Amino acid sequence: MHIAIAGNIGSGKTTLTRLLAKRYGWKPKYESVEFNPYLNDYYKDIKRWSFPMEVFFLKERFKDLLEISTGTDDIIQDRSIYEGVYVFTANNFAMGNLDKRDYETYMELFEDMTDVVRYPDLMIYLRASVSHLVENIEKRGRDYEQKIPLDYLENINQRYEDFIAKRYKGRVLTINVDHLDYESQPKDLGVITDKIDRELFGLF
């Protein structure tokens with residue numbers, strides 16, 4: 001089984017990935033954030049570093065998908081290759097941070113990659129307001145994230161809604177997380193696991 005957790009920066013993907021991996025015995029796959037050699041430079045000069053950063057993320061996510069597709073473990077993945085492309089790369093292109101030639105090359109590469117893999121069995125989309133995202137970003141204290149403009153987060157939120165509604169063809173469970181504290185409140189985590197059990201196993 002392959003479960004993907006989708007959501008904007010600061011929506012709580014990594015925390016939920018960890019908790020659900022423990023709850024269900026799934027093997028977690030985390031996004032390469034701390035080890036991305038371009039990310040810090042990207043937030044200092046987005047236009048200059050967009051293309052190499054996006055290619056790095058694409059490469060890492062495709063490696064994960066290949067490993068998942070050939071393995072036997074049940075996997076829960078922190079962010080998928082699909083939202084990486086249709087949300088973040090598309091947003092960079094729309095903002096003028098990628099030129100048309102680079103974007104077309106990137107999309108051809110993505111399409112070739114996804115021809116040889118399949119959709120996750122379930123994508124869990126964490127829907128969050130910008131204020132909730134900012135609160136979480138400030139709480140975890142990554143220096144490069146403190147510089148993210150609010151309008152960037154809002155643009156990404158809008159693209160997520162478009163991605164879920166129009167672009168992604170796999171199975172989706174949407175969870176509004178603004179009023180959930182599933183890290184410290186077991187009952188809030190229970191709300192989520194009840195939804196997952198119902199979606200995957202037909203329980204309740």
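The values are calculated or read from the model by the stated rules, or taken from the named source; none is laboratory data. What you are looking at is a predicted structure, and each value in this text was computed from that prediction instead of being measured. Using ideal geometry, Cβ is built from the backbone for each residue, glycine included, and neighbour counts are taken over all protein chains shown. Calculation scope for accessible area: heavy atoms of the full protein, side chains included, ligands and nucleic acids excluded. Shrake-Rupley method; radii C 1.70, N 1.55, O 1.52, S 1.80 Å.
Along the Cα-to-Cβ line of Lys187, 7 Å from the Cα, sits a label point; which residues in region 120-137 have backbone N less than 17 Å from it?
No residue qualifies, since no backbone N sits under 17 Å from the label point.
In region 96-197, what GluC sites (Glu not before Pro) fall in a loop by DSSP, with at most 14 other Cβ atoms inside 10 Å?
Taking region 96-197 and a limit of 14 other Cβ atoms within 10 Å, the loop GluC sites (Glu not before Pro) found are Glu183.
Pick from Thr174, Thr17, Thr72: which residue has the top mean-square fluctuation in a GNM of the chain where Cα pairs under 10 Å get a spring?
Thr72
Please give me the summed charge of the neighbours of Phe88: other residues whose Cβ is under 10 Å from its Cβ, Lys and Arg +1, Asp and Glu -1.
Here the count lands on 0.
To the nearest 20 Debye, how big is the dipole of region 136-204 about its Cα centre, given +1 on the beta carbon of each Lys and Arg and -1 on that of each Asp and Glu?
That gives a dipole near 360 debye.
Once you place label points 7 Å from the Cα toward the Cβ at Lys63 and Glu154, how far apart are they in nm?
Here the modelled spin labels are 3.7 nm apart.
For the pair Thr70 and Asp112, how long in nm is the line joining their label points, each one 7 Å along Cα→Cβ?
Here the modelled spin labels are 1.8 nm apart.
Using a Förster distance of 41 Å, how high is the FRET efficiency between Asp197 and Asp99, based on the Cβ-Cβ distance and rounded to 0.05?
0.35
What does the charge dipole of the chain about its Cα centre add up to, to the nearest 20 debye, if the Cβ of each Lys and Arg holds +1 and the Cβ of each Asp and Glu holds -1?
Around 220 debye, computed over the chain.
Could you please put Arg101, Arg171 in sequence from largest to smallest accessible area, using a 1.4 Å probe?
Of Arg101, Arg171, the descending order of accessible area is Arg101, Arg171.
Which order do you get for Ser131, Ser80 if you rank them by accessible area with a 1.4 Å probe, largest at the top?
Listed by decreasing accessible area, they come as Ser131, Ser80.
For region 31-62, which GluC sites (Glu not before Pro) are both in a DSSP coil and crowded by at most 13 other Cβ atoms within 10 Å?
Passing both the DSSP loop test and the Cβ count: Glu34.
Residue separation times 0.36 nm, minus the C-alpha to C-alpha distance between Asn176 and Lys47: what's the value?
Numbers: separation 129, 0.36 × 129 = 46.44 nm, distance 3.19 nm.
Stretched out fully, the Asn176 to Lys47 stretch lengthens by 43.3 nm.
Report in % the part of the accessible area of the chain that belongs to carbon and sulfur, leaving out ligands and nucleic acids; probe 1.4 Å.
Working: 5170 of 10450 Å².
Exposed carbon and sulfur together represent 49 percent of the surface.
For the chain, what does the accessible surface come to per residue with a 1.4 Å probe? Please give it in Å².
Result: 51 Å² of accessible area for each residue.
Return the calculated 222 nm mean residue ellipticity for the chain, to the nearest 500 deg cm²/dmol, obtained by summing -39500 (n - 2.57) across DSSP H runs with n ≥ 4 and dividing by the residue count.
It comes out at -16000 deg cm²/dmol, rounded to the nearest 500.
Please give the contour-minus-distance gain from Asp121 to Tyr30: 0.36 nm per residue of separation, less the Cα-Cα distance, rounded to one decimal in nm.
31.0 nm
Nearest 20 debye, what's the magnitude of the dipole of region 70-127 about its Cα centre given +1 on Lys and Arg Cβ and -1 on Asp and Glu Cβ?
Working: 5 positive and 12 negative charges, 57 e Å.
Approximately 280 debye in magnitude.
Reported to two decimal places, what Rg/Rh ratio describes region 2-201 when computed on Cα atoms with Rh from the Kirkwood expression? Intermediate values should be presented prior to the final figure.
Working: Rg = 16.4 Å, Rh = 17.4 Å.
Rg/Rh for region 2-201 comes to 0.94.
Any idea which of His179, Met53, Pro149 is furthest toward the positive side of the dipole for the chain, if Lys and Arg beta-carbons carry +1 and Asp and Glu beta-carbons -1?
In the chain, that residue is His179.
Straight-line reach from Lys166: which lysines have a Cα under 29 Å away, not including same-chain ones fewer than 8 places off?
Filter leaves Lys13, Lys29, Lys47, Lys59, Lys63, Lys100, Lys195.
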